[in-house]
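The values are calculated or read from the model by the stated rules, or taken from the named source; none is laboratory data. Keep in mind that this is a model prediction, so the values were computed, not measured. Positions of Cβ are generated from backbone atoms using ideal geometry, with glycine treated the same way; all protein chains shown enter the neighbour counts. Side chains included, ligands, DNA and RNA excluded: accessible areas come from the protein's heavy atoms. Shrake-Rupley method; radii C 1.70, N 1.55, O 1.52, S 1.80 Å.
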Amino acid sequence: PDILLLDFQMPVMNGLEVLKSIRGDPALQKLPVIMLSANRDTEKYVTAAGLSADRYIIKPFEMCEITEAIQSLVTVHVRD
């Protein structure tokens, strides 16, 4: 994949667990990740940033926020 959108609240595993697993896989370490959440809890933001989430977007959001984040992250990722 070129990019991954993850919500904090998901069935089975939460977004942080998925992010941790992705960052532990050498083949996926540089995969751009955008975390989505309705929760404004800054601790979760800090945790996500510590696990190298590339962006954190709070719901509800405008579609242009997602579009801009995807475009900028995929462009940077392609250059690497």
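Percent of accessible area on the chain owned by carbon and sulfur, 1.4 Å probe?
So the carbon and sulfur contribution to the accessible surface is 57 percent.
What chymotrypsin sites (Phe, Trp or Tyr not before Pro) does the chain have in DSSP loop regions with at most 13 other beta carbons within 10 Å?
Passing sites in the chain are Phe61.
Compare the Cα positions of Gly15, Val74, Ile3 along the charge dipole of the chain (+1 at Cβ of Lys, Arg; -1 at Cβ of Asp, Glu; about the Cα centre) and return the one farthest towards the positive end.
Gly15
DSSP loop GluC sites (Glu not before Pro) in the chain with at most 10 other Cβ atoms within 10 Å of their Cβ, which ones?
Sparse-neighbourhood loop GluC sites (Glu not before Pro): Glu62.
Taking 8 Å as the Cα distance limit and 6 or more residues as the minimum spacing, I'd like the relative contact order of the chain as a percentage.
It rounds to 32 percent for the chain.
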